[in-house]
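> Structure incoming, see below.
Each value in this text was obtained by applying a stated rule to the coordinates, not by laboratory testing. In this text the structure is predicted, and so the values were computed from the model without any measurement. Here the Cβ is made from the backbone with ideal geometry for all residues, glycine too, and neighbour counts use every protein chain on show.
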């Protein structure tokens, strides 16, 4: 079956080198990558439609789940290099007052940040919402009036810069979740071994 699932909002980029290695190792590599909301993917994992789920630890526990911690997924504020806030090396909550924060409704991290800011009394401009991260980044690269809260693994365009953010910690631990006792094919078994053995530290620094 060789079906890997990533929760909506989880970047594929950190896993691409390992997927490419599988493609080289298995000439007839039949592979599927699914995306979706966490509740759907967790149900698919339990039913055996998915073999490995990448993302935060599932909210609904199950005694047959196996968790393989991979790395800490950090986020930062991203904007065009000529955005007024780009002059600062680090941003705080007050800097985001009246900011135009681009938003993905299916991204739990972005949703959590908006909720924290609203609780802190930070007034944001009405958000522009995007279904896909690449569309959000394309818009962000063209507008020097908007910002976004993106994972450090996201591929950015040359006009964009990252700034540290001193505020609520919306980061999470990236884990590979599998089901104990369930057989996996050789390709995904190798993929999981690669993920567990990888040195993630330089990529999240």
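> Roughly what % of DSSP beta bridges within region 75-166 run antiparallel, to the nearest 5?
65
> Using Rg and Dmax of the Cα atoms in Å as the read-out, say which of (i) 18.3, 55; (ii) 17.1, 49; (iii) 18.4, 58 was calculated from these coordinates.
Evaluating Rg and Dmax of the Cα atoms in Å on these atoms matches (i).
> Still on this structure, I have one more. Suppose we keep just the DSSP beta bridges with both residues in the chain; what percent of those would be antiparallel, to 5?
60
> Give, as ranges by residue number, the residues of region 122-145 whose backbone N falls under 13 Å from the point 7 Å along Cα→Cβ of residue 159.
Hits in region 122-145 for residue 159 at 13 Å: 137-145.
> When the Cα centres of region 131-205 and region 8-67 are compared, how far apart do they sit, in Å?
After rounding, the separation between the Cα centres reads 14 Å.
> In a solvent-free Debye calculation with one equal scatterer on each Cα, what is log10 I(q)/I(0) for region 154-205 at q = 0.19, 0.22 Å⁻¹, listed in the order of the q values?
-0.91, -1.02
> Moving on to the next point. When the distances between all Cα atoms of region 81-203 are binned every 5 Å from zero, what whole-number percent does each bin get?
Percent of Cα pairs in each bin: 2, 9, 17, 19, 17, 12, 9, 7, 6, 3, 1.
> What order do you get for 187-194, 13-20, 87-94 when each peptide is scored by the mean count of other beta carbon atoms within 10 Å, highest first?
Answer by packing, highest mean first, reads 187-194, 13-20, 87-94.
> Still on this model: Sort region 8-87 into rounded, prolate or oblate with this rule: let a ≥ b ≥ c be the square roots of the eigenvalues of the Cα gyration tensor; rounded if a/c is under 1.5, and if a/c is not under 1.5, prolate when a/b is larger than b/c, oblate otherwise.
Judged from the Cα gyration tensor, region 8-87 comes out oblate (a/c at least 1.5, b/c at or above a/b).
> Continuing with this model, one more query. Would you compute, from DSSP H runs of 4+ residues alone, the mean residue ellipticity of the chain at 222 nm, taking -39500 (n - 2.57) per run and dividing by the full residue count, rounded to the nearest 500?
Taking each H run of at least 4 residues, the total per residue is -8000 deg cm²/dmol.
> Could you list 180, 143, 76 so that the one with the fewest beta carbons within 10 Å of its beta carbon is first and the one with the most is last?
Going from least to most buried by this count: 180, 143, 76.
> A further question follows. Put a dot 7 Å past each Cα toward the Cβ at residue 81 and residue 125; how far apart are the dots in nm?
About 2.2 nm separates the two model spin labels.
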